[in-house]
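The values are calculated or read from the model by the stated rules, or taken from the named source; none is laboratory data. The structure displayed is predicted, hence computed values, not measured ones. FYI the Cβ positions are ideal-geometry reconstructions off the backbone, even for glycines, and counts take in every protein chain you see.
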Amino acid sequence: MCYGASLRGDSPSLVELKATTESPITIIVITPTSKSLSYNLDTNTSVDTLKEKLQTDTGTPPDQQRILFGSKALQSGETLGFYGIRSGSRLTFVISLR
């Protein structure tokens, strides 16, 4: 994990260490046919990137994909880390017919 220091406020003695969230993770995505797909990503990977990988592996266009983690549907424009997805997390992929 990388750390960076930044000064906060007027006080140069107050230093905040921020950890970047570029940690490698392995996630499992369960497809509509109950197949398990494993992906090696990182927490900064976008939901859009995951959908592109799913399209490559399943042929389903991103606009027809719905990815669930727990009770939440992952939204385009967010990262996996935003949802608290960590290594070993299991996501569910369902097809959204419009």
*Starting from residues that are outside any strand (DSSP E or B) and of a type in the set (S, T, N, Q), keep the ones in the stretch 29-42 and report whichever is farthest from Leu97 (Cα to Cα).*
Ser34
*Residue list for the stretch 43-78, restricted to those being touching a helix residue (DSSP H, G or I) at 6+ places or on another chain (Cβ under 8 Å) and either part of a strand (DSSP E or B) or closer than 14 Å to Ile95 by Cβ (or both)*: Lys51, Leu54, Gln55, Thr60, Pro61, Pro62, Gln65, Ile67, Phe69, Lys72
*Is it the case that the stretch 29-37 has a residue that's modelled with pLDDT under 50, farther than 22 Å from Glu78 by Cα and in contact with a strand residue (DSSP E or B) (Cβ under 6 Å, 6 or more places away or on another chain)?*
no
